Amino acid sequence: MAYRQLGDILVAQGAVGRDDIQAALRAQHEDGGKTRLGGLLIEAGKITPAALAAALAAQFDLPLCSCGKPAEHLMIDENLPFAFLMEHRILLLTGENGQAGSAITDDPSDWSAVEAIRLQFGKELPLQVVSAEQMNEALDKVRGFADNNLNTLMKDAEIVEAGDWSDEEEHLRDLALEVPIVRMVNLIIAQAVERRASDIHVEIGDYRLRIRYRVDGVLYEAEQIDKKHHAAVVSRLKLLARLDIAEHRVPQDGRIKMVIQGHDLDMRVATTPTIYGENVVIRLLNQQQVELSFNSLGMPLREQQGFKQMIENPQGFILVTGPTGSGKTTTLHTALTHLNSEKVKIITIEDPVEIRLPSINQIQMNSKIGMTFANGLRSIVRQDPDIVMVGEIRDSETADVAIQASLTGHMVLSTLHTNDAAGSVARLSEMGVENYLISSALSGVLAQRLCRRICTHCSEPYTVSGTHLVDFPEVTEAEYTLHRGKGCEHCDGTGFYGRMGLYELLVVDDEMRSLIQRTAEAGPIRELARSKGMRLLRESGWDAVMSGASTVEEVRRVTRWG
């Protein structure tokens, strides 16, 4: 069949007049042939995208696509990079048995793309013509797939192995700025926000780069990426955190501030070298998700009233204890928010400052320049504060300065890493603080854990024998009806959504002070506190189980040392 000009076909099909074709050809000549005839006619409103598709099909003797919405019949082949599909505007449609049945394009003149697909599949696929509108809709769908698939993104990424360059820093920087790498790192962070993750773990292994999210205190694996992309991903994260991207031998710490899905994120980035390469852990703090109130903490009324009474005293030394990730910082910031008013001056020294508190003076610890907790606390006391918060009692020097500050008329709040409330006294004693100073200064200790809440969307009752609950002293019945989450879309199949606090409040009264002066051992202190009504962490957990808020297994997991 003799080749026909597109303009002649459009005129023959009655889509446009000869004068309009001539005007479009003159416009094409004026812009140096940069714009195609069909595009100029559509831009001028002379033809529709569907009319152009029909003319192109006739020009190249190809059929129009038989399905009305090609985007609903797409097939994604991971061996065809996303950049190739976008550049050549060619996609695959699913045929029989889920295999590629045909290809679609709105530019049938691009025979190089057709040849590339033929080589990929070892055969010619029937080519169909679609309109530009249909093609754009299909490409948007493929783009959405690529934006949500880490491995697809990485197919367009350049691979640069260590040692392949003379200027390592320059090449790592170039690698970190590649579009697929930028999109991939953004996607990792966006998915973490979507899943309510508190931490992102980027871990290099023997063969794979593993991405894990910590959600409600538990790690879940999200993706595994080929190890060859490790340098690019880590370099991108280090570049965002303003770290030395060429330094791989020593740990580094930095921060990233981003806006993801409308959320202001403040992220703490920590890198550490391993035998396989650098690992990265990112702690996410979503400022818009932090609600600093005792009701949001889920603290029972009894412990809430006792804790408020403690912190509302004009002076004293109060500790919040528990392992890393047990919510100690949030509890202290909630206490400061409760106490904050124009009549008091509150100063904190933290490492790092994770939650910004309005009208409160917050200081970032920096040991590199001598701003330690102890030195900072000495400086704070000279600023005439009413209330002081020290991020953590890490050593005897900090403990001594904090206790002296509380004895000179200040309210001092801090955290300590101990298993329970009674163990805090023994820990201070081990640091070298004299028993009489502990008994004089300490007002009370709040021990806490965070346990996962059962998802309310998929919570279901079940019956369990009392013999399976013998580790709970409250168990007296032969059977109990408890609750658990069976897993649903809302909780991502975990059966849990969000966390709640378990609390153990030790109040230091005159009788307790007398005991602490004689001994710092946790056992006698715990026994006296229980005789005065203190509930253990495990007992708080049992209440959560019986109320249907959490599960037996979850309470056991978080209170196994309680």
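The values are calculated or read from the model by the stated rules, or taken from the named source; none is laboratory data. Note that the structure is predicted; figures quoted are calculated from it, not measured. Positions of Cβ are generated from backbone atoms using ideal geometry, with glycine treated the same way; all protein chains shown enter the neighbour counts. For the accessible areas, the whole protein counts, side chains as well, though only heavy atoms, and no ligand, DNA or RNA atoms are used. Shrake-Rupley method; radii C 1.70, N 1.55, O 1.52, S 1.80 Å.
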Subject >> Vicinal HN-Hα couplings computed from phi for segment 409-414 (Karplus, 6.51 cos²θ - 1.76 cosθ + 1.60; Hz; Gly/Pro x) >> reply: x, 10, 8, 10, 10, 7
Original post:
Relative to the Cα centre, what is the charge dipole magnitude of the chain, using +1 at the beta carbon of each Lys and Arg, -1 at the beta carbon of each Asp and Glu, and rounding to the nearest 20 debye?
Top reply: 1160 debye
**OP:** Using only Cα atoms, locate the centre of segment 236-253 and the centre of segment 1-67, then give the distance between them in Å, rounded to an integer.
**Re:** 54 Å
**OP:** Quick one: angle between helix 230-240 and the longest Cα principal axis of the chain, in degrees between 0 and 90, rounded to 10, please.
**Re:** 70 degrees
Subject >> Counting DSSP beta bridges with both ends in the chain, the antiparallel % (nearest 5) >> reply: 70 percent
Subject >> For Q362, distant residues with modelled amide H under 5 Å away >> reply: T348
Original post:
For segment 463-529, what is the charge dipole size about the Cα centre, in debye to the nearest 20, if Lys and Arg each add +1 at the Cβ and Asp and Glu each add -1 at the Cβ?
Top reply: 200 debye
Subject >> Per-residue ³J(HN,Hα) for segment 445-453, Karplus 6.51 cos²θ - 1.76 cosθ + 1.60, θ = phi - 60°, Hz, x for Gly and Pro >> reply: 9, 10, 8, 8, 9, 10, 10, 6, 8
**OP:** Could you check how much of the accessible area of the chain is carbon and sulfur, as a whole percent, using a 1.4 Å probe?
**Re:** 47 percent
Original post:
Among rounded, prolate and oblate, which fits the chain when a ≥ b ≥ c are the square roots of the eigenvalues of its C-alpha gyration tensor, a/c under 1.5 means rounded, and a/b larger than b/c means prolate?
Top reply: prolate
Subject >> Karplus (6.51, -1.76, 1.60) ³J(HN,Hα), θ = phi - 60°, over segment 316-324, in Hz, Gly and Pro reported as x >> reply: x, 10, 10, 10, 10, 10, x, x, 4
Subject >> Exposure rule at most 10 other beta-carbon atoms within 10 Å, DSSP loop GluC sites (Glu not before Pro): the chain longest free segment >> reply: 162-341
Original post:
Using the Cβ atoms and a cut-off under 15 Å, what net charge is assigned to the surroundings of E72, where Lys and Arg are +1 and Asp and Glu are -1?
Top reply: -1
Original post:
Between segment 524-542 and segment 407-461, what is the C-alpha centre distance in whole Å?
Top reply: 13 Å
